[in-house]
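For reference, the structure discussed in these notes is given below.
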Ligand SMILES: Cc1cc2nc3c(=O)[nH]c(=O)nc-3n(C[C@H](O)[C@H](O)[C@H](O)COP(=O)(O)OP(=O)(O)OC[C@H]3O[C@@H](n4cnc5c(N)ncnc54)[C@H](O)[C@@H]3O)c2cc1C
């Protein structure tokens, strides 16, 4: 469990990061909390000649809530999210989800930026960000760009981010309505067998809008527009939930692994989504 | 004087002897990170060795090119089988009478097998060196299924056939096929079959006890240091049996045993994984001899899970017969045992399937027959006893499942079925149909206490209601009541029938009392977390009347400790604990003579009382053990040698038979397959209880490992022989989060043949726990027609059971 030799850098600012990226191209990688990247390097599945530690780079560790917008710096840890009262009040689903990621030790190190940039279908935050309709802020040699979370993921470990770009923050509108993050896992510290993020806005007795995303059920997170649409205008009764589940099942494409065969995963995905919808609705 | 005002109760309390929950003396260093494990050992100029391992499960090794590796900075040597062959060290004996490749000798038999040993200045250079070794393989057909292996033309091991391709005899007799290792039988075949064929009721079941791994937190490793000046080899390592390792190293290396010093430092859990000898030990010793420098080898987690000894992997086929009323009449068990590429069990020589013949369990079964076939496959070698005496978890799982299946066949309550078949208190010592003589037991008392405590009738009523609610669509959760009643066989063992590689399985203790009334005792065992330094001092405190706090316990250094066979199979207390008491009694006998001399009375006129000898009938006239210790060294006593020391080698007359009654209450989510353990009650009878707190800790640990095995922990392979569960992400190691609150309880039935009546407890909770958790899962589905489903009961397999029973609509 020893990585191949690599050069280690710890620049103080973004300019420093970008110049190293430029110099070494795809032989260089940024590291945030290291809790996805270092295990891959130790298994020698990731070959990183030049490792750029982002810990000392200024300006990426803030949580900002102003007006209707939430902005979370890429280096904010999963633990910071759990610990931040204003954020928990503004977007309680973030805390509910973060508490279901890994274990406390990992959450002290693992960052929001690393979790969403990693591109591992097992990560919980990509689906969560899609549910929240977040925007990812990237910076690179040709300046700042933004990409919608819903457009970011292309395949496992393949994202819209270019190798020479750094993700600096995620931002999102303050979510309205009821929320739920529901995750089934084999034990603490495990990635999801199936997870569902749900946000539902209620108007009187009917659902005004709904946003649903699923985790670890395809090679990317799955934002299921159809599942949300199946709820809108209904009283979120059994039939509507059934329709949402059916729509979601049409969007996911799980594979068999140690967590179980495809039929099981589909069944659990349905159960988990049903629970997420029920809880979100009860809070809406 | 203080002594005179101290009451007898206070004197007993001051000793912290047997029965007291003395705090563990080891914990001060462990909780402060001050333990000294093998990887903490750092010697001047120490090198690091590590393995090139096979990515294939079955392949010919066409060539090994070490040229590039030798160019890696810091790499000093790369050993291959060709280097070891001239020394005769490319193969080594296993503890099971088989032999094992140290480094791939022309082929590999399992994924992760050791192919070459890279020796470098540090572990980083070694890792880079490993990458640079070029091995050319030619893939061969992979056999991961023992049944297919037994029918395959593919010869896994060339040493199993003669020139004509005919199977040759193995260590335990004739082979049925070239991939067959042994057949082992116990009991009477024909009478058993007759009874079963004629029985009113017969239940049959096939069950697979999946392959898993002991997975100690600390992996295996060693440091070998050959001193070329004085010819002495020192070997530190994670050895559960340091003396046996010394003898084995001497036998295979030719170094005289007095020139070998084996040291087991602190060990971070063993659970059977650290009993055997591994290629890493041999290669480190050779590398140290070659380089003249100390060489360290430490496994990483994947190495540990994928290559060093696994546990279980037993396919068990059972038939149990009974009268209509439920009185069991006969039992037949056939096992197909998958040993992987080499038979690397660590069972006593005469028991190639361990004590599997304890599979009649706690029941009075008049006739029984067991047959076990060992088979080679392309999986990692082993078959060790993971937190149990030799194959006892398998045996207990088998019988506790057969009882449940029989209860279903009889439409009977499984608790009642157990009760009417228990061996009765007055039947002990009881000779079982498969040969063992159970020393003692009182099963009915334990069972009744357990069922009463958990309100068994109430649980069944609640469960019936739940089934009704489920059928009415009111809930999607089922409730399981898991029962198990186990009898273990531990404390191997009597030298007349127990040896490992010819080494008799006695154990030992040597005591030296210091002049000022403190002491050191050394034993042939070695703690891996069991707390020997705490509990053995308590045995001695009660035996010799010196406070446990004044007694140092030392183990694990073969230059200082007396010879013993080590710690596994719950043998430390039954064997070394007995030696400790016996050595203590020798001390006491001499102390009695000294006391009598000092008190100017006849030897028979003094008697032992807690911490002193008193003149019979005159308790005010006494000599404390402290006084006696001082006199032993400093006073000329006619006819008595100076000093106060003793040694005892204890050859146990029999095994001990701890037992227990466990109940688990579990809720199961039928839709997701998740389980919630609502209650777990564990009653253990380990005979005399030395330290209740340590017992409780052992029970908690053993139950947690039982939970792991029952609910998800496995070493799984795909068809190509790739290990699918080689990291802790997929290999289930429970955390505090997954573990329920355990309720512990006890009865006390002392062993009649053990000097202090103790039976051993470290493994009981694992042995009894696995069937209890499993039975809880299976019991939840009994009302819906489930007879048996295999472990591990992880989410998807439980879901599959529910699905197959039609519970998902
Ligand atoms: C035992 C264990 C259990 C876990 N369980 C879960 C779980 O249940 N759910 C879950 O979601 N995660 C889980 N994780 C992963 C954990 O949350 C990681 O911390 C997270 O995935 C990555 O964050 P990081 O800050 O550690 O990123 P790193 O490991 O440092 O980086 C990950 C990847 O993202 C890239 N990267 C990082 N930051 C940036 C940036 N600012 N811009 C561009 N690229 C960047 C890196 O180059 C790398 O490719 C687990 C990890 C462990 C070790």
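A short reminder: the numbers here are calculations on the coordinates, not readings from a lab. Since this is a predicted model, take the numbers as computed values, not measurements. Heads up, the Cβs are rebuilt from the backbone with ideal geometry, glycines too, and the neighbour counts pull from every protein chain shown.
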Original post:
Could you give the length gained on full extension between residue B:301 and residue B:317, defined as 0.36 nm per residue of separation minus the Cα-Cα distance, in nm?
Top reply: 2.4 nm
Subject >> Rel. contact order, % - alpha carbon contacts under 8 angstrom, at least six apart, the stretch A:7-53 >> reply: 55
**OP:** If a/c stays under 1.5 just call it rounded; otherwise compare a/b with b/c (prolate if a/b is bigger, oblate if not). Do that for chain B, with a ≥ b ≥ c from the square roots of the Cα gyration tensor eigenvalues.
**Re:** oblate
**OP:** Ignore the peptide's own chain and count Cβ atoms of other chains within 10 Å of each Cβ in A:263-269; give me the average, rounded.
**Re:** 4
**OP:** Within 10 Å of each Cβ in peptide B:670-677, how many partner chain Cβ atoms are there on average? Round it to a whole number, please.
**Re:** 4
Subject >> Percent of beta bridges antiparallel (DSSP, the stretch B:323-447, rounded to nearest 5) >> reply: 20
Subject >> Mean separation of Cα contacts under 8 Å (6+ apart) over length of chain B, as relative contact order % >> reply: 15
Original post:
Relative to the longest principal Cα axis of chain A, at what angle does helix A:14-24 sit, 0 to 90 degrees, rounded to 10?
Top reply: 70
**OP:** Calculate the spin-label point distance for residue B:413 paired with residue B:455, positioning each point 7 Å from the Cα along the beta-carbon direction, and give it in nanometres.
**Re:** 1.5
Original post:
What is the extension gain from residue A:262 to residue A:106, computed as 0.36 nm multiplied by their sequence separation minus the C-alpha to C-alpha distance, in nm to one decimal?
Top reply: 53.3 nm
Original post:
Angle, helix A:238-251 long axis vs. longest principal axis of chain A, Cα atoms, 0 to 90°, nearest 10?
Top reply: 30
Original post:
Fewest first, what order do B:800, B:452, B:296 take by the number of other Cβ atoms within 10 Å?
Top reply: B:452, B:800, B:296
Original post:
Angle, helix A:262-283 long axis vs. longest principal axis of chain A, Cα atoms, 0 to 90°, nearest 10?
Top reply: 70
Original post:
Between residue B:229 and residue B:518, what FRET efficiency comes out of the Förster formula 1/(1 + (r/R0)^6) with R0 = 41 Å and r the beta carbon distance, rounded to 0.05?
Top reply: 0.65
Subject >> Segment residue B:290-residue B:141, extension gain: residue separation times 0.36 nm, minus the distance between their alpha carbons >> reply: 50.0 nm
Subject >> Inter-part distance where the stretch B:714-784 and the stretch B:247-317 are each reduced to a Cα centre, Å >> reply: 26
Original post:
On average, how many beta carbons from a partner chain sit within 10 Å of the beta carbon of a residue in B:128-136?
Top reply: 1
Subject >> Peptides ranked, highest mean first, by Cβ atoms within 10 Å: ranges B:130-139, B:433-442 >> reply: B:433-442, B:130-139
Original post:
So, in Å, what gap is there between the alpha-carbon centers of the stretch A:201-246 and the stretch B:635-687?
Top reply: 55
Original post:
For the peptides A:138-151, A:20-33, what is the packing order when you average, over each peptide's residues, the other Cβ atoms within 10 Å and list the highest mean first?
Top reply: A:20-33, A:138-151
**OP:** Would you please put A:258-270, B:141-153 in order of how densely packed they are, using the mean number of other Cβ atoms within 10 angstrom per residue and starting with the highest?
**Re:** A:258-270, B:141-153
Original post:
For the protein assembly as shown, what is the percent of antiparallel DSSP beta bridges, rounded to the nearest 5?
Top reply: 80
Original post:
By DSSP, what percent of the beta bridges with both residues in chain B are antiparallel, rounded to the nearest 5?
Top reply: 80
Original post:
In whole percent, what relative contact order does chain A give with Cα contacts below 8 Å and a gap of six or more residues?
Top reply: 15
**OP:** Find the centroid of the Cα atoms in the stretch B:384-434 and in the stretch B:563-590, then give the distance between the two in whole Å.
**Re:** 30
